[in-house]
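Below: the structure, in structure tokens.
Here, each number is a calculation from the coordinates, and none is a lab measurement. Worth saying up front: this structure is predicted, and the values here are computed from it rather than measured. No Cβ is skipped: glycine too gets one built from the backbone with ideal geometry, and neighbour counts run over all protein chains shown.
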Amino acid sequence: MKTATFRFYEELNDFLPLKLRKVSFQQQFPENATVKHVIEALGVPHVEVDLILVNQESVDFSYMIQEDDYVSVYPVFETMDISSVQSLRARPLRETRFILDTHLAKLAKYLRMLGFDTLFRCSLADREIVEIAQNEERIILTRDRAILKYKTVTHGYWIRSDKPADQLKEVIVRFDLSNQIKMFSRCLECNNIIEIIRKEDIDSRLEPLTRKYFFHFRRCPGCDRIYWKGSHYEKMKEFVEEILSS
């Protein structure tokens with residue numbers, strides 16, 4: 001076994017045991033170990049890493065760690081230009097589309113409420129999530145960091161909070177989504193884009209008070225659910241505005 005010194009920065013410390021956070025520490029590793037192997041063995045998914053410096057020189061994940069190396073590991077930089085060194089993050093996808101694991105049902109509805117293409121099914125296994133993300137160019141959001149360690153995962157994020165409202169804040173900030181929001185344009189249940197429909201075409205399906213006081217409706221072409229700007233709409237609008245303002 002060989003030994004190198006590691007230091008993780010900012011939110012990457014969330015993955016480490018308390019005693020290893022925000023400090024330099026020595027880590028043993030076997031012969032012919034890549035820096036990616038050791039980083040993930042410590043619990044940090046590769047998709048969360050954007051820059052690795054070994055002895056102050058930028059390296060990629062395939063670098064073979066040597067005895068007495070000093071390894072600095074940095075997270076994704078949203079506001080800092082690191083083009084002069086080797087960024088390890090995959091290029092942003094042309095369209096922001098998500099796939100969520102089974103722990104994030106409420107977050108899936110919140111993201112759809114903001115208009116984001118969000119795939120969620122309770123029955124999906126980890127490997128299926130990874131395959132769909134790759135085939136459909138989706139970003140994986142998960143509470144299970146093991147999913148993000150699959151070699152084929154290029155875009156993903158481990159959700160820190162267990163509270164759906166805070167999870168939504170995390171995703172908005174992490175992926176800089178504020179300017180991409182299209183509120184109430186997508187079905188909360190099945191993810192389809194909802195369409196304007198004439199009131200007379202659905203009149204027989206409306207409750208008496210809804211028929212009396214509301215005149216503008218939308219319908220999901222997938223599950224046939226009807227939407228209108230009732231009290232539920234106002235509550236959701238207030239919720240979103242509070243999230244964005246914070």
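A few remarks follow.
- Other residues with beta-carbon under 15 Å from the beta-carbon of residue 102 carry, at +1 per Lys or Arg and -1 per Asp or Glu, a net charge of +1.
- Among the listed pairs 182/229; 106/182; 149/169; 163/212; 169/212, a Cα-Cα separation exceeding 27 Å is found for 163/212; 169/212.
- Simple spin-label estimate for residue 196 and residue 2 in nanometres, 7 Å along Cα-Cβ: 6.5
- As a length-normalised measure over Cα pairs under 8 Å and 6 or more apart, the relative contact order of the chain settles at 15 percent.
- Efficiency of FRET between residue 179 and residue 233 - r from beta-carbon atoms, R0 22 angstrom, step 0.05: 0.50
- Computed over segment 13-58, the P(r) curve from all C-alpha pair distances, binned at 5 Å from the origin, holds 5, 17, 27, 33, 17, 2 percent per bin.
- Based on the Kirkwood approach, the hydrodynamic radius assigned to the chain is 20.4 Å, with every pair of different Cα atoms included.
- Beta-bridge orientation, the chain: approximately 60 percent antiparallel, per DSSP, counting only bridges with both partners inside.
- Cut-off 11 Å between beta-carbons: net charge of the residues surrounding residue 35, Lys and Arg +1, Asp and Glu -1: -2
- Structural descriptor for segment 195-245: relative contact order 30 percent, calculated from alpha carbon pairs under 8 angstrom and at least 6 residues apart.
- Cα gyration tensor shape of segment 135-183, rounded if a/c is under 1.5, else prolate or oblate by comparing a/b with b/c: oblate
- Label zone at residue 144 (point 7 Å along Cα-to-Cβ), backbone N below 15 Å, segment 97-135: 99-105, 120-133
- Peptides 203-214, 102-113, 232-243 ordered by average Cβ neighbours within 10 Å, highest first: 102-113, 232-243, 203-214
- Shape analysis of segment 195-245 based on the Cα gyration tensor places the equivalent ellipsoid semi-axes at 24, 14, 8 Å, largest first.
- Qualifying GluC sites (Glu not before Pro) in segment 153-224, DSSP loop, other Cβ atoms within 10 Å at most 14: 189
- Ordering 245, 221, 204 by Cα displacement along the dipole of segment 195-245 toward the positive end leaves 204 in first place; charges were set at the Cβ atoms of Lys, Arg (+1) and Asp, Glu (-1).
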